[in-house]
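A short write-up of the structure that comes next.
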Amino acid sequence: MGEATASAPCVPEGYWRADIWHQMGHEALELGKHGFWRGFKVSFWDVENALVLTAAMGASITIRETGVDDAIRRRTKGENELGSMDETIQILGNPGTHFAGAGVLWLASALTKDVREHEVAKSLVEALAVNGVSTILLKVATNTRAPDGEDYAWPSGHASSSFCTAAVLNEYYGPWVGIPSFALAGLVGYQRLDSRVHDFSDVVFGSFMGYVIGSSIAKDNKMELPELFGMKVIPFADPQTGASGLALYKQW
């Protein structure tokens, strides 16, 4: 068995292309042909996910029909408790911001040839794409009215995208990154209510849908490595000698 400090993890053959443009073209084609549709399948063609989303939809309808949305509308009328933070939180929760962040991570990981971070970036792009299309389709199908009078309110795109992003980060990085990410996503949901651009029912379903999509796709894409005594067992290859084997790896 080799030592992790003296070797580098094996990279699947053909993983890295000749340059950034070939890498981008190859992965965009893979996303369009396979990843995007697989993302829909693991998110919605799963019994547990279907039950969660059905329950979330039922809760959302109940909130709307029992007057909870109306009560919150009256509570937030003329109020803006977030004050100067409102615009900042709105930007942080914008799906465009999430796609931009995923793009920066994709580019940085491709330039540095960091496979792990590149897998995170690819999962983020796939999950955000599936979430974005799902959100738009539901908005067009339902065409509900927001508190500020705008159409296509349900579900909240900011909430769904924020929870989708948080779910992916939580799956890859664990609670140290996941918990703050979910807290920020919750704050984004509150901002949508406080600024009167969404009802509570919009935020509730959007949050659950985003979480289901993000966590499902991240779990499906992750390549779990076996552990021994709390350390990852990884393949390695020595480029100087051509030797290969297994190594124990732990990150602090």
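Worth a mention:
- Members of segment 165-216 that are among the aromatic types (Phe, Trp, Tyr) and over 17 Å from ASN49 (Cβ atoms): TYR172, TYR173, TRP176, PHE182, TYR190, PHE200
- Residues of segment 65-89 satisfying the condition of being assigned to a helix (DSSP H, G or I) and touching a Pro at 6+ places or on another chain (Cβ under 9 Å): ASP69, ILE72, ARG73, THR76
- Single residue of ARG75, ARG64 found to be exposed (fewer than 12 other Cβ atoms within 10 Å of the Cβ), more than 18 Å from the chain's Cα centre (by Cα) and under 30 Å from PRO147 (Cα atoms): ARG75
- Within segment 86-115, restricting attention to residues that are in contact (Cβ under 8 Å) with a residue 24 or more places away in the chain and surrounded by fewer than 13 Cβ atoms within 10 Å (Cβ to Cβ), the residue that is farthest from GLU171 (Cα to Cα) is LEU111.
- Taken over segment 25-78, the criterion of being touching a residue at least 24 places away in the same chain (Cβ under 8 Å) and closer than 23 Å to ASP114 by Cβ is satisfied by GLU27, LEU31, GLY35, GLY39.
- In segment 203-217, the residues that are touching a residue at least 40 places away in the same chain (Cβ under 8 Å) and farther than 11 Å from ALA127 by Cβ reach residues that are of a type in the set (D, E, K, R) and buried (at least 24 other Cβ atoms within 10 Å of the Cβ) with C-beta atoms within less than 9 angstrom, at least six apart or across chains, in these pairs: VAL203/ARG192; GLY206/ARG192.
- In segment 99-156, the residues that are charged (D, E, K, R) and more than 24 Å from HIS34 (Cα to Cα): LYS139, ARG145, ASP148, GLU150, ASP151
- Taking the listed residues ASN143, ASN80, the one that is surrounded by fewer than 16 Cβ atoms within 10 Å (Cβ to Cβ), at positive phi and not hydroxyl-bearing (Ser, Thr, Tyr) is ASN143, with no other qualifying.
- Segment 1-49, residues that are modelled with pLDDT of 80 or more and either in contact with a strand residue (DSSP E or B) (Cβ under 6 Å, 6 or more places away or on another chain) or charged (D, E, K, R) (or both): ARG17, ASP19, GLU27, GLU30, LYS33, ARG38, LYS41, ASP46, GLU48
- Just so you know, in segment 206-217 the residues that are hydrophobic (A, V, I, L, M, F, W, C) and surrounded by 24 or more Cβ atoms within 10 Å (Cβ to Cβ) include one that is farthest from ARG73 (Cα to Cα), and it is ILE217.
- Criterion applied to GLY186, GLY149, GLY157 was being small (Gly, Ala, Ser), free of Cβ contacts under 8 Å to residues at least 60 places away in the same chain and over 12 Å from LEU92 (Cα atoms), and the one residue passing it is GLY149.
- Boolean, LEU31 is under 18 Å from the mean Cα position of the chain (by Cα), within 15 Å of LEU128 (Cα to Cα), part of a helix (DSSP H, G or I) and among the aliphatic types (A, V, I, L, M): yes
The values are calculated or read from the model by the stated rules, or taken from the named source; none is laboratory data. What you see is a predicted model, and the numbers here were worked out from it, not measured in a lab. For neighbour counting, all protein chains shown are included, and Cβ atoms are generated from backbone atoms with ideal geometry for every residue, glycine included.
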